[in-house]
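Participant: Below are the structure tokens for one structure; questions will follow.
The values are calculated or read from the model by the stated rules, or taken from the named source; none is laboratory data. Quantities reported herein were computed from a predicted structural model and do not represent experimental measurements. Reconstructed Cβ throughout: ideal geometry from the backbone, glycine too, with neighbour counts over all protein chains shown.
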Amino acid sequence: MVKFYNYDIVFQEVPDEVTLAINLTNCPHRCEGCHSPHLRKDVGTVLNERVLDDLLAKYGRQVTCLCFMGGDSVPTEVAKLSEYVRKHSGLKTAWYSGGEKLPGTARMFDYVKVGPYMPLKGGLDSENTNQRMYKVSGDGFRDITRLFSKTKKRYREDT
Ligand code: SF4
């Protein structure tokens, strides 16, 4: 069963997209320095097609992408919800997985991030990061991780 803790509209999690990010709970990973330990607990509200319909009715016109943040304990269910969103809203979808490798369900999303959080290597915007973000297309998977450090550099130059 997919459950979520909260959601927010975000701008930097998926390059060039305005994203409704839904934080899923019951994370099976135990990354050192975890930024969201509350998401490891089996708590929250059930996320199903009906709840997605409500969220899409409320926020669907404000965003271009819906991102499932986590959900590694129920990857097949998350992928089915992604297919539902793509079919019924026309939005792109993304998945932030804490797993090491691209999952078998990766083609059911438009973007997939993989890699556990490692404090010494940093997140996607770190030049040393172990994490990767892929854009999924008919041709395969394009690694777009470098776009995160560019965003950070641009922000530094602008401020
Ligand atoms: S995947 Fe995210 S929520 Fe899960 S343990 Fe790692 S940092 Fe924490």
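Participant: Evaluate the following for residue 92: is it closer than 26 Å to residue 57 by Cβ, among the charged types (D, E, K, R) and surrounded by fewer than 18 Cβ atoms within 10 Å (Cβ to Cβ)?
Facilitator: When the stated conditions are applied, residue 92 does not pass them.
To keep it simple, each residue is scored yes or no on (1) touching a helix residue (DSSP H, G or I) at 6+ places or on another chain (Cβ under 8 Å); (2) within 10 Å of the ligand (Cβ to nearest atom); (3) among the acidic types (Asp, Glu); (4) closer than 18 Å to residue 7 by Cβ.
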site	(1), (2), (3), (4)
33	no, yes, no, no
37	no, yes, no, no
49	yes, no, yes, yes
68	yes, no, no, yes
75	no, no, no, no
88	yes, no, no, yes
93	yes, no, no, yes
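Participant: A follow-up question, please. What residue, of 14, 51, 63, 112, is part of a helix (DSSP H, G or I) and either acidic (Asp, Glu) or at pLDDT 95 or above (or both)?
Facilitator: From the options 14, 51, 63, 112, the qualifying one is 51.
Participant: Taking the stated definitions as given, is residue 16 surrounded by fewer than 16 Cβ atoms within 10 Å (Cβ to Cβ) and either basic (Lys, Arg) or over 21 Å from residue 132 (Cα atoms) (or both)?
Facilitator: No: the conditions fail for residue 16.
Participant: Looking at (1) touching a Leu at 6+ places or on another chain (Cβ under 8 Å); (2) over 22 Å from residue 137 (Cβ atoms); (3) in a helix (DSSP H, G or I), can you tell me which one residue 7 breaks?
Facilitator: Failing condition for residue 7: (3).
Participant: For the structure I just gave you, tell me whether residue 43 is within 16 Å of the ligand (Cβ to nearest atom) and surrounded by fewer than 18 Cβ atoms within 10 Å (Cβ to Cβ).
Facilitator: Taking the combined requirement at face value, the residue satisfies it.
Participant: May I pose another question? Answer with yes or no whether residue 136 is within 12 Å of residue 96 (Cβ to Cβ) and not small (Gly, Ala, Ser).
Facilitator: Criteria not met by residue 136.
Participant: For a quick check of your reading of the model, give me the residue pairs whose first member lies in segment 103-131 and is within 18 Å of residue 70 (Cα to Cα) and free of Cβ contacts under 8 Å to residues at least 24 places away in the same chain, whose second is within 16 Å of the ligand (Cβ to nearest atom) and β-branched (Val, Ile, Thr), with beta-carbon atoms closer than 6 Å and at least 6 apart or on different chains.
Facilitator: 122/129
Participant: Moving on. Taking the conditions exactly as written (among the aliphatic types (A, V, I, L, M) and either within 25 Å of residue 149 (Cβ to Cβ) or more than 16 Å from the ligand (Cβ to nearest atom) (or both)), does residue 24 satisfy them or not?
Facilitator: no
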